[in-house]
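Read through the structure below, which is laid out as structure tokens, and then see the notes.
The values are calculated or read from the model by the stated rules, or taken from the named source; none is laboratory data. Fair warning: this is a prediction, and the values are worked out from it, not measured in the lab. All Cβ positions, glycine included, derive from the backbone under ideal geometry; neighbour counts span all protein chains shown. Areas reflect the complete protein model, heavy atoms only, side chains present, ligands, DNA and RNA absent. Shrake-Rupley method; radii C 1.70, N 1.55, O 1.52, S 1.80 Å.
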Amino acid sequence: MYERAPRHRPAGAQRHNRRVPASPLLWDIFCQVVDNHGDLGVCWRLSRELAARGHRVRLWVDDATALAWMAPGACQGAVPGVRVLPWTRPIDPALLAGLPRADVWVEGFGCQIATDFIAYNACSPAAGGRNDLQSPVWINLEYLSAEAWVERMHGLPSPVLHGPAAGWMKWFFYPGFTPRTGGLLREADLPARQAAFDRAAWLRTHRIDWRGERLVSLFCYEPPALGALLDAWAQGDEPTRLLVTAGRAAAAVRQAIEDQKWPRSPPNKRGQLSISYLPQLTQAAYDELLWACDGNFVRGEDSLVRALWAGAPFVWHLYPQPEDDAHHAKLDAFLEWLDAPPALRRFHHVWNGVTDEALPAPDLPAWRACTQAARKRLLAQDDLVTQLVRFIGQKR
């Protein structure tokens, strides 16, 4: 996932071909961590790609802990152009002192920028914060959805009516899957990195004893149908190796194995299914995991987008919202855009707890054409950073 300064470049890091914009901008991006894989992952990818295109970014995070493994060196300034700052409440006045006002403010996933930060920038001469100067372009960067209302809301203004920034304007910016939305995060160097990827070498590096069996990655919450899926692969007609990500997915698999009372020998193997547990992966290594596999089970927002770029068949586990089941409508809208075949729709419904019927047999080869067609449609559209920079230029 991460880039470092050339003289301290670790193994596996990638160089960006830096594209300096005509007018580089200073960005403040705010991230309030709820699920550190998604919220922080998306905000970090956005910050890094903006820097790769010549902009300067201050990423304000209330909990940057996950960057230690997601992007080693990020908090120490390893990525030129990106500075990670602590979003405390209140923000340390000494930290604010002397920081020039940014050209752009971004509220990641609709989080609200701290009032003390707004007050300092709106009123403090040290920040250049006089209301007679141009205010920052203030972006409310929202969650990703394929629902129809996203196209209607994308790009709409939201006047600030109260507080020190009264009279300023926020703008809704919605990532999305169609040309009338803000697009998806896609690094400029992604196609080249993917084309140069060596599957066998990557598996050897990560000590995965691959012998030609089907490879499937698993990144999920706790789907009720997980035990049924493991059982189906164990009893299947071809060998499958499941590559399980660290954290909740690994805990869920171990619990399912315990519930099913797998034999203890041989370890992590039953019938046609073998299981390999992975360590925490950087974003770059996670992308490569998706490229290495014949099928991917992903969760949340960031890994969904990465699965689409990988082009292999995938199953999406949405963040559960049991209070109103809002994730059900979000899932159906996505499956409609994806033009998913009936079996893939049924699988998603069971996997996400929409229905409690028996889990259909996964048919990864049959689902591949669907993913490839979706990826082709997305590659024909401008990526999120390109659209966001263009939008900022129009508003400035």
- Task: Hey, could you check the range 98-150 for residues that are modelled with pLDDT of 90 or more and of a type in the set (D, E, K, R) and say which is least open to solvent (accessible area, probe 1.4 Å)?
- Result: Glu107
- Could you say whether any residue in the range 346-358 is among the β-branched types (Val, Ile, Thr), out of contact with any Gly (no Cβ under 7 Å at 6 or more places or on another chain) and assigned to a helix (DSSP H, G or I)? yes
- Message: Exactly one condition in (1) at pLDDT 95 or above; (2) closer than 25 Å to Arg45 by Cα; (3) open to solvent by less than 10 Å² (accessible area, probe 1.4 Å) is false for Leu318; which is it?
- Response: (1)
- Task: List every residue pair whose Cβ atoms sit under 6 Å apart, with the two residues 6 or more apart in sequence or on different chains, where the first one lies in the range 48-70 and is within 20 Å of Tyr286 (Cβ to Cβ) and among the acidic types (Asp, Glu) and the second, anywhere, is open to solvent by 20 Å² or more (accessible area, probe 1.4 Å) and part of a loop (DSSP other than H, G, I, E, B).
- Result: Asp63/Val33
- What tally of residues in the range 368-381 results from selecting those that are surrounded by 15 or more Cβ atoms within 10 Å (Cβ to Cβ) and either assigned to a loop (DSSP other than H, G, I, E, B) or at pLDDT below 95 (or both)? 1
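Residues checked against (1) within 15 Å of Phe109 (Cα to Cα); (2) surrounded by fewer than 20 Cβ atoms within 10 Å (Cβ to Cβ); (3) touching a strand residue (DSSP E or B) at 6+ places or on another chain (Cβ under 9 Å):
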site: Cys31; (1), (2), (3): yes, no, yes
site: Leu40; (1), (2), (3): yes, no, yes
site: Thr65; (1), (2), (3): no, yes, no
site: Ala68; (1), (2), (3): no, yes, no
site: Leu85; (1), (2), (3): no, yes, yes
- Are there any pairs, at least 6 apart or on different chains, whose C-beta atoms fall under 6 Å, with the first in the range 78-94 and at positive phi and the second surrounded by 19 or more Cβ atoms within 10 Å (Cβ to Cβ), and if so, which? Gly81/Ala51
- Query: Checking Ala284 against (1) under 18 Å from the mean Cα position of the chain (by Cα); (2) buried (at least 21 other Cβ atoms within 10 Å of the Cβ); (3) not in a loop (DSSP other than H, G, I, E, B); (4) not acidic (Asp, Glu), which single condition isn't satisfied?
  - Reply: (2)
- Note on the structure: Of those in the range 71-82 that are touching a Leu at 6+ places or on another chain (Cβ under 7 Å) and not β-branched (Val, Ile, Thr), the residue most open to solvent (accessible area, probe 1.4 Å) is Cys75
